Amino acid sequence: QLSCMDNPIALGTILFTCTYLATDILVEHYGPQAGTRAIGLGFAAVLMVSVLMTITIGIAPISCDPGQTHWIYLKAHQALETLFTPAPAILIASLISYGITQYLDVRIFNALKIKWNQKYLGLRSLISTLSTTFLDNVIFSVLAWKVLHPLMLSWGELWYTYIWGTYVLRLIVSFLNLPIIYLFKKK
């Protein structure tokens, strides 16, 4: 976690911002249907991994004393439980915000592509990504921290730390992604 403020910002934000880059590249080369299919695949993959990890951590580890050889497996299982036990509020908020904003990103990017006659690739990517990642922050943060798993956060704290704070990081990543989208530009 990045603690540049009183409250941490998840570094997973960087990974999620890069998914917008991936769908923009797909839409640029293969059209909006390919971008939409990729969103569906990503959605299904998250669900599948969540189910498989839940099943995996649901299998009881070998019980043993700390001095026994198998004790390391018990510690590993406990670590997996900590990392992969799905937090329902976060999973649901993530899936809802991912589905809505990724789909919207594909639509905005493709509409700009058509409107600008396939020109201004970087600008199209920035406009679609920056508008939809902001919306993603709003949807996810409100659902995760106010609706599904209410935290003792003020609306100001939610707005400035979890929505704007994360958005600043996404803004930086989006600009850093620009050279990458040009690497995949059609010749």
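The values are calculated or read from the model by the stated rules, or taken from the named source; none is laboratory data. This one's a predicted model, so the numbers in the text were calculated from it and none came from an experiment. Heads up, the Cβs are rebuilt from the backbone with ideal geometry, glycines too, and the neighbour counts pull from every protein chain shown. The area values use the complete protein model at the heavy-atom level, side chains included, leaving out ligands, DNA and RNA. Shrake-Rupley method; radii C 1.70, N 1.55, O 1.52, S 1.80 Å.
Values computed for the structure shown
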quantity: For the chain, convex hull volume per residue from C-alpha positions, Å³; calculated: 152
quantity: Sorted peptide list for 103-111, 44-52, 164-172, criterion being average Cβ within 10 angstrom, highest first; calculated: 103-111, 164-172, 44-52
quantity: Difference of contour (0.36 nm per residue) and Cα-Cα distance, Ile100 to Arg37; calculated: 21.3 nm
quantity: By average C-beta atoms within 10 angstrom, highest first, the peptides 25-38, 115-128; calculated: 25-38, 115-128
quantity: Mean ellipticity per residue at 222 nm, deg cm²/dmol - from DSSP H runs of n ≥ 4 across the chain, formula -39500 (n - 2.57); calculated: -24000 deg cm²/dmol
quantity: Dimensions in Å of region 89-187 - Rg and Dmax from alpha carbons; calculated: 15.4, 52
quantity: Kyte-Doolittle at least 0.5, axis length at least 15 Å by Cα - qualifying DSSP helices, the chain; calculated: 12-30, 32-58, 88-115, 121-142, 166-183
quantity: Lys/Arg +1, Asp/Glu -1 at C-beta; region 45-187 dipole; positive extreme among Gly122, Val106, Ile59; calculated: Gly122
quantity: Share of carbon and sulfur in the accessible heavy-atom surface of region 27-110 [1.4 Å probe, %]; calculated: 73
quantity: Size of charge dipole - the chain - debye, nearest 20, with Cβ of Lys, Arg +1 and Asp, Glu -1, no other charges; calculated: 980
